[in-house]
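S.K.: Right, I'll just put the structure down here and ask away after.
The values are calculated or read from the model by the stated rules, or taken from the named source; none is laboratory data. Quick caveat, the model's predicted, so the values are computed rather than measured. A quick note on method: Cβ atoms are made from the backbone with ideal geometry, for glycine too, and the neighbour counts reach across all protein chains shown.
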Amino acid sequence: MRDEISGASGRPAGRSRAALIALVAAAVVVAGVVSLRRGVEPVRVRPPASPPAAQMPSLPGELGPSPGPLGLPAGPVPALSLGEVCQPVHTDGRTRLDVSFTLVNTVDRPVTLVRVVPELPLGGLRELRTEVRSGTCAAPGPPVRTGVIPGRGAVLAVFQLGLPPTCPAPLPVQATVAERRGARPVVATVLLLADLGGLHFATC
């Protein structure tokens, strides 16, 4: 009798334990599926707002107005432009260097050449004399008596420079050109020679 009672009372306990295990297993499966879906679903990111048109960078090839010093608008474009630097550049190799070049009026109206002077950013060289002549590199003319250059005309400028006691090969030569159109003066600097390395000097 006791064996029958104990066997009958043990069956409900075994069934409840099996049901509990089944519930725990189902909960684990559901949790795994949920976590898997979270890992697979793409994350939605809001695209960044477009910057205002004023802040958009320029595309390659798009050129805006070139700023001047301190970000201010650039000044007027010079009418006088460097035509050519006369070759060969003449020097005695010891004391003197002559640099000749043409200035061309690129507009149809007359332009006044106020002055043209050497610009020597590294020093060493020194100005001896500056002449402005008519003609070209191949056929120099006499000195001009007026600074007015007709439309599409040209002049020949000649810098006579003194050489330093040391080797001048690395020294550049530039020119500062001041012109006037009407009442508006315009000043520009042009590069004539990046250095003097192609010339023979006794001190090098």
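S.K.: Restrict the check to segment 129-137 and report whether at least one residue is surrounded by 13 or more Cβ atoms within 10 Å (Cβ to Cβ), in contact with a Phe, Trp or Tyr (Cβ under 7 Å, 6 or more places away or on another chain) and under 16 Å from Leu82 (Cα atoms).
M.R.: Within segment 129-137, none of the residues are surrounded by 13 or more Cβ atoms within 10 Å (Cβ to Cβ), in contact with a Phe, Trp or Tyr (Cβ under 7 Å, 6 or more places away or on another chain) and under 16 Å from Leu82 (Cα atoms).
S.K.: Next question. Consider Gly93 against the criteria (1) small (Gly, Ala, Ser); (2) touching a His at 6+ places or on another chain (Cβ under 9 Å); (3) over 26 Å from Val77 (Cα atoms); (4) not in a loop (DSSP other than H, G, I, E, B): it satisfies all of them except one. Which criterion is unmet?
M.R.: (4)
S.K.: Being outside any strand (DSSP E or B) and surrounded by 14 or more Cβ atoms within 10 Å (Cβ to Cβ) is the filter; apply it to segment 138-147 and report the residue that is nearest to the chain's Cα centre (by Cα).
M.R.: Among residues in segment 138-147 that are outside any strand (DSSP E or B) and surrounded by 14 or more Cβ atoms within 10 Å (Cβ to Cβ), the one nearest to the chain's Cα centre (by Cα) is Gly147.
S.K.: Go through segment 96-114 and count every residue that is in contact with a His (Cβ under 7 Å, 6 or more places away or on another chain) and either of a type in the set (Lys, Arg) or within 9 Å of Ile149 (Cα to Cα) (or both).
M.R.: Qualifying residue count, segment 96-114: 0.
S.K.: Which count do you get for residues in segment 151-197 that are in contact with a Ser or Thr (Cβ under 8 Å, 6 or more places away or on another chain) and of a type in the set (D, E, K, R)?
M.R.: Result for segment 151-197: 4.
S.K.: Can you confirm whether Thr203 is touching a Cys at 6+ places or on another chain (Cβ under 6 Å), among the polar types (S, T, N, Q) and either under 14 Å from Val85 (Cα atoms) or surrounded by fewer than 17 Cβ atoms within 10 Å (Cβ to Cβ) (or both)?
M.R.: Answer is yes for this residue.
S.K.: Considering Gly182, Gly151, Gly147, which residue is of a type in the set (Gly, Ala, Ser) and modelled with pLDDT of 95 or more?
M.R.: Criteria check complete, one pass: Gly151.
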